[in-house]
């Protein structure tokens, strides 16, 4: 099994400035398959320097496959597709936005990529033919691939994965050094094609140490509950967590503490029949007799059929959808800010500006003592540490057995029964001081629109 070993060499760029050149070569040592499959959970990744040493200070970076540097092995469209995917993999875990630029002058493009043999593209480093050097990269933006190597697309089991080599070299351009952590794409050795190639936890933390974590508000967040039967026929409850923003959605893998590889995806593609932008709230009404899912936007709501995976146009009672919120939930104003369902109390809490409405799903009406101020129903443990009004999203998390209120880049966790058990003095439904969303839910990152459908 061949390996891709990388050596670091300082070279001189234009103006005599030093540029880091990553030279990739092959070794003939073999390793067991176990070594390639182990993943390490890393709390802190140590990198030299600080944020000021990052390769790029801006958030939007342009790239281009040089016309004179296209490979003769794959079509130009296939090369661009693979490179677009490689950049997207880094944008899925950082606040960086990568945009392919085919129009600007070459000097204005941040990252230029090309293929060549021997003396190539005016580069001072000469490629050595098949079997040794795969590629090299400069920290300030040039990546060259040796076209004597047999580069193949991700769908192939043969040859050298262009995607993996590109992701590795882009990591260097962005400022990452080599690491010897098992599973990292920044290891100085090439591993064969893998069925599910993605960035390791250590790669994510390393790049975020340079460029920061992804921040941003959400239109709504919710857990999607479904029933499944196990091998013994027993009904099991499963859940997935979803975040919606600006027409895109992410599935969050709670057990792995990260978003699903390949997200975000357009709401239009994954949720048929609901509004594709600016959803205000999601509610899963769940009692012994009812199992209904609703999306809210403006003055209307949609019921969703989880079995057919699409919104109802008409339900079993003959009611057509979408319906007016005032018809289905009398006493509830619109448009809403957000809502969540309390299964224990069988109440839906609807939020509107600084008020909250508790809706009894069995009596189909707002409780007599409501509406109330959000600060009265959900008092801050620290009174001034509170969202107060205009909450973006509220949802009950089955992974954390807690309700969270989200606003802007922050969240407030609601005191639950376990919290009261350990600290009896805490107020019921009290809000713990705010925390950054990116500190609990990792890697919920936007990607450039050109890569959205990949």
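Residue-by-condition table, conditions (1) in contact with a helix residue (DSSP H, G or I) (Cβ under 6 Å, 6 or more places away or on another chain); (2) under 30 Å from residue 158 (Cα atoms):
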residue: 183; (1), (2): no, yes
residue: 190; (1), (2): no, yes
residue: 211; (1), (2): no, no
residue: 215; (1), (2): yes, no
residue: 219; (1), (2): no, no
residue: 227; (1), (2): no, no
residue: 237; (1), (2): no, no
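Taken together, the criteria exclude residue 172 from residues that are outside the structural domain of residue 263 (by TED's automatic domain parsing), in contact (Cβ under 8 Å) with a residue 12 or more places away in the chain, surrounded by 20 or more Cβ atoms within 10 Å (Cβ to Cβ) and in a strand (DSSP E or B).
Comparison of 109, 126, 93, 76 shows that the only residue that is farther than 18 Å from residue 167 by Cβ and in contact with a helix residue (DSSP H, G or I) (Cβ under 9 Å, 6 or more places away or on another chain) is 76. Evaluating residue 229 against the criteria (1) touching a residue at least 60 places away in the same chain (Cβ under 8 Å); (2) more than 27 Å from residue 97 (Cβ to Cβ) leaves one unmet condition, (1). Using the structure shown, decide if residue 380 is out of contact with any strand residue (DSSP E or B) (no Cβ under 9 Å at 6 or more places or on another chain), at pLDDT 95 or above and assigned by TED's automatic domain parsing to the domain that holds residue 333. So residue 380 fails the test. Annotation note: of 153, 177, the sole residue that is more than 22 Å from residue 261 (Cα to Cα) and surrounded by 15 or more Cβ atoms within 10 Å (Cβ to Cβ) is 177. Just give me the residues in the stretch 135-150 being buried (at least 24 other Cβ atoms within 10 Å of the Cβ), touching a strand residue (DSSP E or B) at 6+ places or on another chain (Cβ under 6 Å) and closer than 16 Å to residue 79 by Cα, in sequence order. The answer is 135, 143, 144, 145, 149. Number of residues in the stretch 134-167 that are touching a residue at least 60 places away in the same chain (Cβ under 8 Å) and in a helix (DSSP H, G or I) equals 5.
The set of residues in the stretch 75-89 being touching a residue at least 24 places away in the same chain (Cβ under 8 Å) and under 24 Å from residue 207 (Cα atoms) consists of 81, 82, 83, 84, 85, 86, 87, 88, 89.
The values are calculated or read from the model by the stated rules, or taken from the named source; none is laboratory data. Here the structure is a predicted model, which means the values were calculated and not measured. Please note: Cβ atoms are built from the backbone with ideal geometry, for glycine as well, and neighbour counts cover all protein chains shown.
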